[in-house]
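Colleague: Can you read through this structure? Questions will come right after.
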């Protein structure tokens, strides 16, 4: 399942997910989850891993060799607080995002589906209140719900040593609209932009951001910083809409996402993004944002 085989074009507001499940036993049945195909390098069979006593987190199951890397494996059921019935031929989703490769253990894989982002519903309040709180949306498929997981949140919370190399605060106050569906990431981005002397407005998805921009008129932000994967309207499509709207067309846009890789960078370029930064490079984010704003304000020679 190489990333080069993904045929989705940027700006069509579509996503492709791989559906997998956790078998919670005969009384509870199976729960279905999904993750963007672009984050999955391959699916392998688990070698029968069991929980490690004394692990830094109960979901950490140790490491396995995978060709030229040592792959850390996390038990998704433990993280989500779900029982998991042990079964033969369990699978590991080998993912690549945020410049790191991680394995996630699940009971099995169901299929690959293509959806439109407008069909992705924000998580219901009951799901939002779960302790793990890493569900970013849900879609209906054949009479069941597939819960879309925020795997980045799991990695961030397991790795407290996030880069924190933000530039010193500027004397000039700037404004930014941050478009991000993850509450954890909104907080992290806002905190670091605040430290660089940005006034930050927030939107939970591209549709909400577009409505804010069109209503703002004279008070539009200096820059838009957007995630890519979001319900209703994704970051690629938001960027394309900004470029196609005359009153917004010259607004700088940064795509800040775990999907920013050398293989997928052409997608952001095709919709007119001014910069693309892979999470969690927060220091680069503030510096590049300030540079793009100054470039826009600088009169032509």
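We did not get these values from a lab; they are worked out from the coordinates using the rules stated. As the structure is a computational prediction, the values presented were derived from the model and not from experiment. Here the Cβ positions follow ideal geometry from the backbone for every residue, glycine too, while neighbour counts run over all protein chains shown.
Colleague: Please list 66-74, 253-261 highest first by mean number of surrounding beta-carbon atoms within 10 Å per residue. Write out the running numbers ahead of the final one.
Modeller: Details: 66-74: 14.1, 253-261: 24.4.
Final packing ranking: 253-261, 66-74.
Colleague: Can you give the alpha-carbon Rg of segment 40-106 over 2.2 N^0.38 Å, where N counts its residues?
Modeller: Against the empirical 2.2 N^0.38 Å value, I get 1.06 for segment 40-106.
Colleague: Quick one: what does P(r) look like for segment 174-297 with 5 Å bins over all Cα pairs, in whole %?
Modeller: 2, 12, 25, 27, 22, 10, 2, 0
Colleague: Across every pair of different alpha-carbon atoms, what Kirkwood hydrodynamic radius in Å does the chain reach?
Modeller: Working: mean 1/r = 0.0494 Å⁻¹.
20.2 Å is the Kirkwood radius here.
Colleague: Looking at the chain, what % of its DSSP beta bridges pair antiparallel, to the nearest 5? Don't skip to the end; give the middle numbers.
Modeller: Numbers: 39 of 61 bridges.
Looking only at bridges with both residues in the chain, the antiparallel portion is about 65 percent.
Colleague: State the extension gain, in nm to one decimal, for the chain segment bounded by residue 45 and residue 30, taking 0.36 nm per residue of separation less the distance between their alpha-carbons.
Modeller: Details: separation 15, 0.36 × 15 = 5.40 nm, distance 1.85 nm.
Extra length from residue 45 to residue 30 when fully extended: 3.5 nm.
Colleague: State, to one decimal in nm², a quarter of the convex hull surface area for the C-alpha atoms of segment 1-125, i.e. the direction-averaged projected area.
Modeller: Working: hull surface 38.2 nm².
Seen from a random direction, the Cα hull of segment 1-125 projects 9.5 nm² on average.
Colleague: What is the helix-to-structure angle for 183-195, meaning the angle in degrees between its Cα long axis and the longest Cα principal axis of the chain, kept from 0 to 90 and rounded to the nearest 10?
Modeller: 40
Colleague: Between residue 109 and residue 194, what length comes free when the chain is fully extended (0.36 nm per residue of separation minus the Cα-Cα distance, one decimal in nm)? Please report the intermediate quantities before stating the final value.
Modeller: Values: separation 85, 0.36 × 85 = 30.60 nm, distance 4.16 nm.
Once the chain is fully extended between residue 109 and residue 194, it gains 26.4 nm.
Colleague: Still on this structure, I have one more. Using the beta-carbon distance between residue 247 and residue 82 and R0 = 35 Å, what value does 1/(1 + (r/R0)^6) give for FRET efficiency, to the nearest 0.05? Please report the intermediate quantities before stating the final value.
Modeller: Values: r = 47 Å, r/R0 = 1.36.
With a Förster radius of 35 Å, E is 0.15.
Colleague: Where the centroid of each part is defined by its Cα atoms, how far is segment 251-301 from segment 209-248 in Å?
Modeller: 14
Colleague: Could you give the length gained by full extension between residue 219 and residue 269, i.e. 0.36 nm per residue of separation minus their alpha carbon distance, to one decimal place?
Modeller: Working: separation 50, 0.36 × 50 = 18.00 nm, distance 2.69 nm.
The residue 219-residue 269 span can extend by a further 15.3 nm.
Colleague: Label-point separation (nm) for residue 158 and residue 100, each offset 7 Å from Cα along Cα-to-Cβ?
Modeller: If labels sit at residue 158 and residue 100, their model points lie 0.8 nm apart.
Colleague: So how tilted is helix 282-297 from the main axis of the chain? Cα-based, degrees 0 to 90, rounded to 10.
Modeller: 30
Colleague: OK, next. To the nearest 10 degrees, how steeply does helix 235-244 sit against the main Cα axis of the chain, on a 0 to 90 scale?
Modeller: The angle comes out near 20 degrees.
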